[in-house]
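Peer 1: Let me begin by handing over the structure; questions about it come next.
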Amino acid sequence: MHRAIIFKSPWGWMGIVESLKGIQAIVLPKQSKRAVESDLSAQFSEPMQRGTSPSLEAARCQLLDYLTGRRKSFDLPLDLTGGTMFQRQVWRTLQRVPYSKLRSYRWVAARVGGPQYARAVGNAVGANPLPIVIPCHRIVAHDASLGGFSGGLLMKRKLLSLEGTLTQLQRG
């Protein structure tokens, strides 16, 4: 069973999905509620219950606090069962990257098996179902260039700017 909420944030419409195990997906801010619904439909083939729950409400509040600069970390039950063992290892490593710090794909690769895994790390980062909560936006190329982001480079710049790290890249 999946339950989903769609809500308006200061940055646009967002969505959160939970399973019985925890928060399973986050849709980054979009221009419209319909765009969020479309993303959710693409990610989950089965129908979802609509409405809130204590963990969805906690996730919504924590995300809103983050987007307004009042929160730097998250305390939520997460369901990462949709990922492979390697993806889950990468996602757990990403959770150790502190607020306002940047790390490279190479740095992550060194912690999950070695530099030869840099490309696989990039794929796992791109498959992160819980952006912001699992801070994949803090991962950049080893030459301090922006790298990619599943939510688009404009959103990555906005998140890094919120955390005060965008200028580190501009200098790099």
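The values are calculated or read from the model by the stated rules, or taken from the named source; none is laboratory data. Only a predicted model underlies this, so the values are computations on that prediction, with no experimental measurement involved. Note: ideal-geometry Cβ built from the backbone for every residue, glycine included; neighbour counts use all protein chains shown. These accessible areas exclude ligands, DNA and RNA; they are computed on the full protein's heavy atoms, side chains included. Shrake-Rupley method; radii C 1.70, N 1.55, O 1.52, S 1.80 Å.
Peer 1: Take the residues in the range 31-53 that are open to solvent by less than 70 Å² (accessible area, probe 1.4 Å) and among the charged types (D, E, K, R), then tell me which one is nearest to the chain's Cα centre (by Cα).
Peer 2: In this case the residue turns out to be 39.
Peer 1: Sticking with this structure for a sec: Against the definition (of a type outside the set (Lys, Arg) and either touching a Phe, Trp or Tyr at 6+ places or on another chain (Cβ under 6 Å) or surrounded by 20 or more Cβ atoms within 10 Å (Cβ to Cβ) (or both)), how does residue 97 come out, yes or no? Steps first, please.
Peer 2: Values: of a type outside the set (Lys, Arg): yes; either touching a Phe, Trp or Tyr at 6+ places or on another chain (Cβ under 6 Å) or surrounded by 20 or more Cβ atoms within 10 Å (Cβ to Cβ) (or both): no.
For residue 97, the condition - of a type outside the set (Lys, Arg) and either touching a Phe, Trp or Tyr at 6+ places or on another chain (Cβ under 6 Å) or surrounded by 20 or more Cβ atoms within 10 Å (Cβ to Cβ) (or both) - is not met.
Peer 1: Keeping to the range 2-24, report how many residues are within 16 Å of the chain's Cα centre (by Cα) and surrounded by 22 or more Cβ atoms within 10 Å (Cβ to Cβ).
Peer 2: Counting residues in the range 2-24 that are within 16 Å of the chain's Cα centre (by Cα) and surrounded by 22 or more Cβ atoms within 10 Å (Cβ to Cβ) gives 7.
Peer 1: Collect the residues in the range 144-172 that are modelled with pLDDT of 95 or more and either charged (D, E, K, R) or within 13 Å of the chain's Cα centre (by Cα) (or both), keeping them in residue-number order.
Peer 2: Of everything in the range 144-172, those that are modelled with pLDDT of 95 or more and either charged (D, E, K, R) or within 13 Å of the chain's Cα centre (by Cα) (or both) turn out to be 155, 156, 157, 158, 159, 160, 163.
Peer 1: When the residues of the range 150-167 are filtered to those that are at negative phi and not in a helix (DSSP H, G or I), which remaining residue is least open to solvent (accessible area, probe 1.4 Å)?
Peer 2: First, the residues of the range 150-167 that are at negative phi: 150-151, 153-163, 165-167.
Among the residues that remain, those that are also not in a helix (DSSP H, G or I) are: 150-151, 165.
On the way: 150: 79, 151: 37, 165: 0 Å².
Among those that are at negative phi and not in a helix (DSSP H, G or I), it is 165.
Peer 1: Regarding residue 88, is this residue open to solvent by 50 Å² or more (accessible area, probe 1.4 Å) and over 18 Å from residue 136 (Cα atoms)?
Peer 2: Numbers: open to solvent by 50 Å² or more (accessible area, probe 1.4 Å): yes; over 18 Å from residue 136 (Cα atoms): no.
Taking the combined requirement at face value, the residue does not satisfy it.
Peer 1: Mind checking which residues of the range 114-135 are open to solvent by 70 Å² or more (accessible area, probe 1.4 Å) and not basic (Lys, Arg)?
Peer 2: If we filter the range 114-135 for residues that are open to solvent by 70 Å² or more (accessible area, probe 1.4 Å), which is where we start, we get 115-117, 119, 123.
Of everything in the range 114-135, those that are open to solvent by 70 Å² or more (accessible area, probe 1.4 Å) and not basic (Lys, Arg) turn out to be 115, 116, 117, 123.
Peer 1: Right, next: At pLDDT 95 or above, among the aliphatic types (A, V, I, L, M) and within 15 Å of the chain's Cα centre (by Cα): is that true of residue 56 in this structure? First the steps, then the outcome.
Peer 2: Values: at pLDDT 95 or above: yes; among the aliphatic types (A, V, I, L, M): yes; within 15 Å of the chain's Cα centre (by Cα): no.
No, not satisfied.
Peer 1: May I ask you to list the residues in the range 138-172 that are within 20 Å of residue 115 (Cα to Cα) and not β-branched (Val, Ile, Thr)? Outline the logic, then answer.
Peer 2: Filtering the range 138-172 down to residues within 20 Å of residue 115 (Cα to Cα) leaves 138-148.
Residues satisfying the conditions are 138, 141, 142, 143, 144, 145, 146, 147, 148.
Peer 1: Which of (1) modelled with pLDDT under 95; (2) crowded, with 18+ Cβ neighbours inside 10 Å is the odd one out, the single condition residue 138 does not satisfy?
Peer 2: Residue 138 satisfies every listed condition except (1).
Peer 1: Just give me the residues in the range 69-114 being of a type in the set (Lys, Arg) and either in contact with an Asp or Glu (Cβ under 8 Å, 6 or more places away or on another chain) or in contact (Cβ under 8 Å) with a residue 24 or more places away in the chain (or both), in sequence order. Break it down into steps so the answer makes sense when it comes.
Peer 2: Keep residues of the range 69-114 that are of a type in the set (Lys, Arg), which gives 70-72, 88, 92, 96, 101, 103, 106, 111.
Matches in the range 69-114: 71, 72, 101, 103, 106.
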